[in-house]
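First comes the structure, then the notes that go with it.
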Amino acid sequence: MKNKSVTVALTGTTGAMGGEVLYSLMQLPSNVNVKCIVYEAEKKIPRFVKKTLKKYSERIYAFRGDIARYEDCEKLIEGADYVINCASLIPPKSDHDPETTYLSNFIGTKNIVDTIKACGREVAYVHIATVALYGHRAEPHLWGRVGDPIISSDYDYYSLYKLKAERYALESGIEKFVSLRQTAVLHKYMFANNLKDGLMFHTSWNCALEWVTDRDSGVLCKNLVEKDLNGELDGFWNKIYNIGGGENCRVTGFETLDYCFKTLMGKSAKKYFKPDWNIPRNFHGVWFYDSDELENYLGFRGESFESFWSEMHKKYPYFKLAKVVPPALISKFAFKRLFKNTNSPAYWLKHCKAGRVKAFFGGTEAYKRIGGDWEKFPLLCEGKSKNGEIDYSAIKNSANAEKYLLNHGYDESKPLESLEYSDLDKAAAFRGGKCLTSDYSAGNIYKKAEWQCREGHTFSSSPYTILKGGYWCPHCCEPKPWRYGALAKDIPFYAQVYFDSHTEDEVDDVYPMPDDDEEFIKKLR
Ligand SMILES: [Zn+2]
């Protein structure tokens, strides 16, 4: 990589991950330059990003724009050797603004992919996707991997448009791409962004989370460019990977908050929260069975869940003061005030948002059954589940993970390249349909094949998108509206995970429900 001038185009520059990617790329030799688009509607550029832009102004060309405009993407891609697409509107912003989420998360990616294809040169495309594509995971399927079914949680515009974006990229025929499904990110803006929104209550206590830090995510992208330039990434491209911090970053939703509170305030989360404040389902998060694959290629893990929180503790000395304030006061003034936020479960319950109460709790009765007593609430990390006692450390041990994996419906002991028509048709049958390309010859996993779903829709998709992407029919398996119950009713591929957190009598539910979110329904039309 010595003398050749290299340009990396970057989006999402003002975000937690994008800012770190920018900074990390600047740690490469000076022949690596960055061209970045700074979202024009972003009023406040974080100090960390400003400092980086200033310090490395000779190597960074930054311009204001919007990836939802094709011309801006053309400008970004011009002269670029790599594009790292970190731009996304994420929760809580995406929960309040479906239109901008659509533009940013889907149209932005579509424009970037289209301009790469139109530019006539080879530009390597690094797509940043999300763990939210796997939807909600509950026991016994807390471990996940590439190829698992793609499910957008009900009402989650973020994953809805990220889903369409990744599929578009996968099916685009770009010559050199990689999709990295980013996990939950521990980042420096966590308090500023989340402490003022009902999103605070969207972490399910028993969900599985494999965190990664913003800094490690930046290092990951830097290493990707560096290693590729050095010719060290044999067999890496044109695949999907899960980003995760690995063993030291795997916890549950409860453990996350509990550790955060204990480190920063000295007391358990139980002192500040009640069990029925948070949603028990329709969230997202999973422990990655396969996140070491990316680590083996890129060697990016330098931080852990615990090291992140001890650093936060050092960084925000005012938490020492919070330690002497009675938890009941903090609970009242910092958290309970958020019950009025429209993104808060308490708001949905009070204002009869029946669709959301059903989607996130299973209904008002199910909500009432949770109650406010931690003694009666089964926390997985304390060895309790709704079905009785469990051995939490055994479930969490990656050596045991294989037995909890989801079925992908074909013989995975065969290499992808040697799968034949009968294998594809078997996978299709597990998804309730069939493969129509009966003259498929082995090895063409990126070439479009024809498929039919159980509702009779026919569609073209590469075997890679279906088998490794975890996608199926674009007409009936991609919301809107969200109707995963109807899919789970007939399709084993979805049923195996859907019924972990839903009952048989929910299969006809469709979201948004007609009695709430009138505004959003109007926008969808
Ligand atoms: Zn269909």
Quiz prompt | Residue that is at pLDDT below 95, aromatic (Phe, Trp, Tyr) and under 22 Å from Thr109 (Cα atoms), where the choices are Tyr189, Tyr155, Tyr161 | solution = Tyr155
Self-check item: Matching residues in region 438-453 - criterion: being surrounded by fewer than 18 Cβ atoms within 10 Å (Cβ to Cβ) and more than 27 Å from the chain's Cα centre (by Cα)
Solution: Ser438, Asp439, Ser441, Ala442, Gly443, Asn444, Glu450, Gln452
Quiz prompt | Among (1) on the phi < 0 side of the Ramachandran plot; (2) modelled with pLDDT of 95 or more, the one test that Asp515 misses | solution = (2)
Quiz item: Does Cys119 satisfy being at pLDDT 95 or above, outside the structural domain of Glu478 (by TED's automatic domain parsing) and crowded, with 22+ Cβ neighbours inside 10 Å?
Solution: no
Quiz item: free of Cβ contacts under 8 Å to residues at least 60 places away in the same chain and under 28 Å from Tyr289 (Cβ atoms) - does that describe any residue in region 108-127?
Solution: yes
Exercise. For residues that are in contact with a helix residue (DSSP H, G or I) (Cβ under 9 Å, 6 or more places away or on another chain), under 19 Å from Tyr484 (Cβ atoms) and within 13 Å of the ligand (Cβ to nearest atom), tally how many sit in region 429-450.
Key: 2
Practice problem: Go over the candidates Phe300, Phe319, Phe335, Phe283 one by one and state the one that is touching an Asp or Glu at 6+ places or on another chain (Cβ under 6 Å) and at negative phi. | Solution: Phe300
Quiz prompt | Check on Tyr464, away from the ligand (no atom under 16 Å from the Cβ), touching a Phe, Trp or Tyr at 6+ places or on another chain (Cβ under 9 Å) and closer than 25 Å to Val131 by Cβ | solution = yes
Practice problem: Examine region 429-437 for a residue that is modelled with pLDDT of 95 or more, of a type outside the set (Gly, Ala, Ser), touching a Leu at 6+ places or on another chain (Cβ under 6 Å) and not assigned by TED's automatic domain parsing to the domain that holds Pro140, and state whether such a residue exists. | Solution: yes
Practice problem: For residues that are touching a helix residue (DSSP H, G or I) at 6+ places or on another chain (Cβ under 9 Å) and either part of a helix (DSSP H, G or I) or surrounded by 19 or more Cβ atoms within 10 Å (Cβ to Cβ) (or both), tally how many sit in region 39-50. | Solution: 3
Exercise. Evaluate region 81-89: report whether one residue or more is under 19 Å from Trp482 (Cβ atoms), within 26 Å of the chain's Cα centre (by Cα) and touching a residue at least 40 places away in the same chain (Cβ under 8 Å).
Key: yes
Quiz prompt | Set Glu402, Glu389, Glu412, Glu382: member being more than 27 Å from the chain's Cα centre (by Cα) and acidic (Asp, Glu) | solution = Glu389
Exercise. Among the residues of region 467-486, count how many are within 14 Å of the ligand (Cβ to nearest atom), at pLDDT 95 or above, crowded, with 22+ Cβ neighbours inside 10 Å and within 26 Å of Tyr446 (Cα to Cα).
Key: 3
Self-check item: Candidate set from region 487-504 (those that are among the acidic types (Asp, Glu) and modelled with pLDDT of 95 or more); member that is farthest from the chain's Cα centre (by Cα)
Solution: Glu504
Self-check item: Check on Asn111, assigned by TED's automatic domain parsing to the domain that holds Glu175, more than 20 Å from Val219 (Cβ to Cβ) and at pLDDT 95 or above
Solution: yes
Quiz prompt | Any helices (runs of 4 or more DSSP H) falling wholly within region 147-238 and containing at least 2 residues that are of a type in the set (D, E, K, R) | solution = 157-171, 214-229
Quiz item: Of all the residues that make up region 370-379, how many are part of a helix (DSSP H, G or I) and surrounded by 13 or more Cβ atoms within 10 Å (Cβ to Cβ)?
Solution: 2
Quiz prompt | Cβ pairs under 6 Å, 6+ apart, first in region 462-484 and within 16 Å of Glu417 (Cβ to Cβ), second within 14 Å of the ligand (Cβ to nearest atom) | solution = Thr465/Tyr471
Quiz prompt | helices (runs of 4 or more DSSP H) lying entirely in region 251-354 (those with 3 or more residues that are over 27 Å from the mean Cα position of the chain (by Cα) and of a type outside the set (Phe, Trp, Tyr)) | solution = 318-322, 327-330
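The values are calculated or read from the model by the stated rules, or taken from the named source; none is laboratory data. Source: prediction; values computed, not measured. Every residue, glycine among them, receives a Cβ derived from its backbone with ideal geometry; neighbour counts consider all protein chains shown.
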